[in-house]
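The values are calculated or read from the model by the stated rules, or taken from the named source; none is laboratory data. Here the structure is a predicted model, which means the values were calculated and not measured. Glycine also receives a Cβ, built like all others from the backbone with ideal geometry; neighbour counts cover every protein chain displayed. Heads up: the accessible areas ignore ligands, DNA and RNA and are worked out on the full protein's heavy atoms, side chains in. Shrake-Rupley method; radii C 1.70, N 1.55, O 1.52, S 1.80 Å.
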Amino acid sequence: MATSSPVIIAPSMLSSDFAALANEAQMILSCGADWLHMDVMDGHFVPNLTLGAPIVGALRKHTDAYLDCHLMVSRPEQWVEDFKKAGASGYTFHVEASDDPSSLCKRIRTAGMDVGVAVKPGTPVESVYPLVDAGLVDMILVMSVEPGFGGQSFMAEQMEKVKALRGKYSLEQLPRIEVDGGVNAETVKQVKEAGANVVVAGSAVFKSEDRAEAIRLLRAPYLS
């Protein structure tokens, strides 16, 4: 998960043109994206239904980029092997969705993927502390919208979770803190100030007339 940049920009492919997914991925990487964020929704844990391991596997054939898979699903234990075979780089599940998150973290790591754990806005950040304390995670994803749909407004109060995590854990203990939801050129300033170093943005990038400029603006606060 190493990078020379102080921030990783991970555009959400949920906002791309699914009919031209490979081309969209290649284009957004050429515009300066570091990772590709894959929003996996099952229509149960969240009300929307998006993509699964077959789409990730199809995209993997066209890129060697880091595929940051965010599973908004009710049974994240069920899909570890499928996403491993598909070529997922990181596997992030919701702490709210697992009865045994410690065992799931170990399974993901054994499968050769980076381990991410996500928290919804209503979930106390303390719920992930035991997992970080045990050295089981590579990244915590703090949702700054309710998961399930793109285009929502940024929930600034969720940055308190980011501040709590970065205040409690060093980069060695917790290499990555990711923020997803409503992030744009303005709200990313709060994301940076809170201490997150992975930025997910969908509409702010893919709906922009100049996607390279949109990515540059997301990165800019980290370079000043």
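Which helices (runs of 4 or more DSSP H) sit wholly inside segment 155-224 and have at least 2 residues that are buried (at least 22 other Cβ atoms within 10 Å of the Cβ) and either at pLDDT below 95 or among the small types (Gly, Ala, Ser) (or both)?
So the answer is none; nothing clears 2.
Look at (1) within 17 Å of the chain's Cα centre (by Cα); (2) small (Gly, Ala, Ser); (3) surrounded by fewer than 15 Cβ atoms within 10 Å (Cβ to Cβ); (4) under 18 Å from His94 (Cβ atoms) and you find that Gly151 fails only one, number (4). Among the residues of segment 114-127, those identified as surrounded by 18 or more Cβ atoms within 10 Å (Cβ to Cβ) and either without any contact (Cβ under 8 Å) to a residue 40 or more places away in the chain or not hydrophobic (A, V, I, L, M, F, W, C) (or both) are Asp114, Val115, Gly116, Val117, Lys120. Is it true that Ile8 is open to solvent by less than 10 Å² (accessible area, probe 1.4 Å), aliphatic (A, V, I, L, M), in contact (Cβ under 8 Å) with a residue 40 or more places away in the chain and in contact with a helix residue (DSSP H, G or I) (Cβ under 9 Å, 6 or more places away or on another chain)? The answer is no for Ile8.
Restricting attention to segment 21-38, the residues that are open to solvent by less than 10 Å² (accessible area, probe 1.4 Å) and without any contact (Cβ under 8 Å) to a residue 60 or more places away in the chain add up to 3.
Pairs are defined by a Cβ separation below 9 Å, a sequence spacing of at least 6 or placement on different chains, a first member in segment 157-183 that is free of Cβ contacts under 8 Å to residues at least 12 places away in the same chain and of a type in the set (A, V, I, L, M), and a second member that is assigned to a loop (DSSP other than H, G, I, E, B) and open to solvent by less than 70 Å² (accessible area, probe 1.4 Å); the pairs so defined are Leu171/Asn197.
Checked against (1) open to solvent by 20 Å² or more (accessible area, probe 1.4 Å); (2) over 25 Å from Pro6 (Cβ atoms); (3) in contact with a Gly (Cβ under 8 Å, 6 or more places away or on another chain), Pro130 passes all but condition (3). Here is the figure for segment 56-102: residues that are farther than 22 Å from Tyr129 by Cα, among the small types (Gly, Ala, Ser) and open to solvent by less than 40 Å² (accessible area, probe 1.4 Å) total 6. Here Ala53 passes the criteria (1) over 26 Å from Ala214 (Cβ atoms); (2) hydrophobic (A, V, I, L, M, F, W, C); (3) open to solvent by less than 10 Å² (accessible area, probe 1.4 Å) except the one numbered (3). Among residues of segment 133-147 being crowded, with 17+ Cβ neighbours inside 10 Å and closer than 19 Å to Ser74 by Cα, the one that is modelled with the lowest pLDDT is Pro147.
Taking Gly43, is it in contact with a strand residue (DSSP E or B) (Cβ under 7 Å, 6 or more places away or on another chain), more than 23 Å from Leu171 (Cβ to Cβ), at pLDDT below 95 and among the small types (Gly, Ala, Ser)? Reasoning before the result, please.
Details: in contact with a strand residue (DSSP E or B) (Cβ under 7 Å, 6 or more places away or on another chain): yes; more than 23 Å from Leu171 (Cβ to Cβ): yes; at pLDDT below 95: yes; among the small types (Gly, Ala, Ser): yes.
For Gly43, the condition - in contact with a strand residue (DSSP E or B) (Cβ under 7 Å, 6 or more places away or on another chain), more than 23 Å from Leu171 (Cβ to Cβ), at pLDDT below 95 and among the small types (Gly, Ala, Ser) - is met.
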